[in-house]
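The values are calculated or read from the model by the stated rules, or taken from the named source; none is laboratory data. All values reported here derive from a predicted model rather than from experimental measurement. Quick reminder, even Gly has a Cβ in these numbers, built from the backbone with ideal geometry, and neighbours come from all protein chains shown. Note: accessible area is taken over every heavy atom of the protein model, side chains too, but ligands, DNA and RNA are not part of it. Shrake-Rupley method; radii C 1.70, N 1.55, O 1.52, S 1.80 Å.
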Amino acid sequence: MPDEVGQWQELERRLRELCRIYGYGELRTPLFEATELFARGVGEGTDIVDKEMYNFTDRGGRNITLRPEGTAPVVRAFLEHNLARELPARFFYLGPMFRYERPQAGRMRQFHQFGFELFGESGPLADVEAIDLAWTTYRSLGVADVQIKINSLGCETCRAAFRDELRRRLEDRLEKLCGNCRARYQRNPLRILDCKNPECQAALADLPELVDFLCPECKAHFQGVKEGLSALGIPAVTEPKLVRGFDYYTRTVFEVTAAGLGSQDAIGGGGRYNNLVRELGGPAVPAVGFAAGLERILLVLAKYGIKLKEKDAPFVFMAPLGREAQAHAFELACQLKHQGIPAYVPLAEKSLKAQMKVANRQGVKWTLIIGDEELQKRRAILKKMSDGTQREISLAGISEAIANLYLEEGR
Ligand code: AMP
């Protein structure tokens with residue numbers, strides 16, 4: 001609705017501005033892609049691919065999916081346009097995503113994400129840059145109270161060793177796990193770690209942690225990330241059970257949460273994905289990225305009473321009384337609008353009282369009262385709404401007077 005859209009526009013404007021400062025260029029991918037892209041990119045066995053995708057067959061018999069996330073489409077575009085020629089490359093996106101989830105506060109089936117991707121850098125500083133940009137995103141909006149959790153999922157080698165150990169240790173407590181986790185046991189056992197079910201968490205209590213399984217290179221990388229973050233004063237906390245819902249992550253994963261949002265407290269998440277570009281048919285290009293939900297950011301802002309932008313209101317409100325005055329006011333309002341000054345004029349005759357009510361409701365700065373009587377004298381009354389003071393002004397000079405006021409205090 002128009003009132004809310006002002007907040008959206010300002011949020012989007014600020015996100016774009018931040019990306020300009022960090023050197024990320026906007027990439028706009030289509031709202032739909034071939035189903036296969038997500039099946040391969042996000043991964044079979046993930047909740048998104050198995051349960052949440054909007055799939056359909058088009059008239060040509062192709063399997064199509066409304067995009068549930070932005071990374072796979074960005075990688076597809078990156079490869080299709082041969083962007084790996086010039087690395088590193090930085091992109092951001094902003095737009096709707098679709099997931100068939102059970103709607104609740106902060107979770108909808110069409111929602112919006114802001115996300116960014118950095119290609120072609122494998123060192124820990126790239127992860128630090130991504131986490132810093134994610135962190136700065138919230139800070140620049142005035143949300144100070146966010147938590148950043150980080151973890152390392154290692155590479156294929158160390159993760160495989162951990163996965164085997166996890167399966168072995170969970171084998172005799174399968175009946176204690178929820179139905180979802182029992183299904184995950186075979187297909188994607190790492191996902192059991194961040195199940196919200198308290199009984200599953202209890203069953204996991206004494207299990208080894210992923211960080212203990214990291215190979216020396218992955219360990220050194222994770223250490224580098226932590227040091228980089230601490231040098232910037234970014235208070236990231238290691239959360240050994242953080243795994244996130246995508247298959248493509250390698251090494252660093254991170255999540256941003258905000259207090260006071262209830263169960264949907266994740267306001268953004270990301271991580272490193274060193275294999276995705278290759279898996280989608282490209283060269284071996286390491287990458288790291290992040291995505292945030294705009295609805296959730298706006299929920300946090302509302303919670304903290306942060307308004308990004310005041311409601312748009314007309315600068316001047318015409319309050320004509322009588323037929324002749326009405327025609328004159330209409331003409332004047334049109335002239336002002338042609339000069340770029342937001343002016344409002346009622347399109348039919350109304351009483352002064354009714355008109356002032358509208359002017360107050362809209363929050364205008366000035367009201368111009370023109371009665372038929374004043375019109376005879378070629379004069380009108382200009383009223384300042386903030387303090388109620390008014391003065392008489394000649395009709396001939398009115399356009400110029402309002403233009404001057406607008407220059408002084410309009411924006
Ligand atoms: P993900 O792509 O699952 O890592 O999600 C990144 C962010 O998008 C989350 O932290 C949420 O802020 C937001 N998000 C994910 N799913 C939804 C949804 N169904 N409705 C609203 N926001 C969502």
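Quick one: pull the percent of accessible area on the range 75-202 belonging to carbon and sulfur, 1.4 Å probe, ligands and nucleic acids left out.
47 percent
Could you tell me how many degrees, from 0 to 90 and to the nearest 10, lie between the Cα long axis of helix 294-303 and the main elongation axis, the longest principal axis, of the Cα atoms of the chain?
Value to nearest ten degrees: 70.
Mind checking the per residue accessible area of the range 1-48 for me, 1.4 Å probe, whole number of Å²?
Dividing the accessible area of the range 1-48 by its residue count gives 56 Å².
Please state the charge dipole magnitude for the range 92-164, taken about the Cα centre, from unit charges on C-beta atoms (+1 on K and R, -1 on D and E), reported in debye and rounded to the nearest 20.
Using Cβ point charges on Lys, Arg, Asp and Glu, the range 92-164 gives about 500 debye.
Please work out whether the range 118-163 counts as rounded, prolate or oblate from its C-alpha gyration tensor, where a ≥ b ≥ c are the square roots of the eigenvalues and a/c under 1.5 means rounded, while otherwise a/b larger than b/c means prolate and anything else oblate?
oblate
Taking a cut-off of 21 Å between Cα atoms, list the lysines near residue 350, but don't count ones fewer than 8 places away on the same chain.
Within the straight-line cut-off, residue 350 pairs with 365, 383, 384.
Could you order 226, 353, 307 so the one with the most accessible surface comes first? Probe is 1.4 Å.
Per-residue accessible area, sorted high to low, gives 353, 307, 226.
Sort 263, 399 by accessible area with a 1.4 Å probe, largest first.
Descending order: 263, 399.
Count neighbours as other Cβ atoms within 10 Å of each site's Cβ, and list the trypsin sites (Lys or Arg not before Pro) in the range 1-99 that are DSSP loop with at most 13 such neighbours.
Those satisfying the criteria are 28, 59, 62.
Mind jotting down the distance between the C-alpha centroids of the range 349-369 and the range 51-84, whole Å?
51 Å
Which aspartates and glutamates have a Cα less than 16 Å from the Cα of residue 176, not counting those fewer than 8 places away in the same chain?
194, 199, 206
Please give the contour-minus-distance gain from residue 231 to residue 330: 0.36 nm per residue of separation, less the Cα-Cα distance, rounded to one decimal in nm.
Length gained, residue 231 through residue 330: 29.5 nm.
Could you look at the range 262-411 and say what percent of its accessible area is carbon and sulfur, using a 1.4 Å probe and all protein chains?
Carbon and sulfur atoms account for 50 percent of the accessible area of the range 262-411.
For the chain, find the longest principal axis of its Cα atoms and tell me its angle to the long axis of helix 398-409, 0 to 90°, nearest 10.
So the helix axis and the longest Cα principal axis differ by about 30 degrees.
For the chain, what is the calculated [θ] at 222 nm in deg cm²/dmol (nearest 500), taking -39500 (n - 2.57) for each run of four or more DSSP H residues and dividing by its residue count?
So the calculated ellipticity at 222 nm is -11500 deg cm²/dmol.
Using the Kirkwood radius over C-alpha pairs as Rh, can you work out the diffusion coefficient of the range 111-204 via Stokes-Einstein at 25 °C, viscosity 0.890 mPa s, in µm² per second?
Once the numbers are plugged in, D ends up at 151 µm²/s.
What distance in nm lies between label points placed 7 Å from Cα along the C-beta direction at residue 304 and residue 58?
The two pseudo-label positions are separated by 4.1 nm.
Take the Cα atoms of the chain, find their three principal axes, and give me the spread along each one in whole Å, biggest first.
94, 53, 48
Please give the direction-averaged projected area of the C-alpha convex hull for the range 273-402, in square nanometres with one decimal.
Across all orientations, the range 273-402 yields a mean hull projection of 13.9 nm².
With a 1.4 Å probe and all protein chains kept in place, how much accessible area does residue 250 have, in Å² rounded to the nearest 10?
10 Å²
List the aspartates and glutamates whose Cα sits under 14 Å from the Cα of residue 309, skipping any in the same chain fewer than 8 residues away.
3, 4, 10, 12
Which of 362, 403, 338 sits closest to the plus end of the dipole of the range 287-411, meaning its Cα is farthest towards the positive end, when Lys and Arg get +1 and Asp and Glu get -1 on the C-beta?
362
Expressed in nm to one decimal, what extension gain is obtained for the pair residue 241 and residue 31 from 0.36 nm per residue of sequence separation less their Cα-Cα distance?
Full extension from residue 241 to residue 31 adds 72.4 nm.
Taking springs between alpha-carbon atoms closer than 10 angstrom, which of 351, 122, 152 fluctuates most in the Gaussian network model of the chain?
Looking only at 351, 122, 152, the biggest GNM fluctuation is shown by 351.
How many percent of the alpha carbon pairs in the range 200-352 exceed a separation of 24 Å?
61 percent
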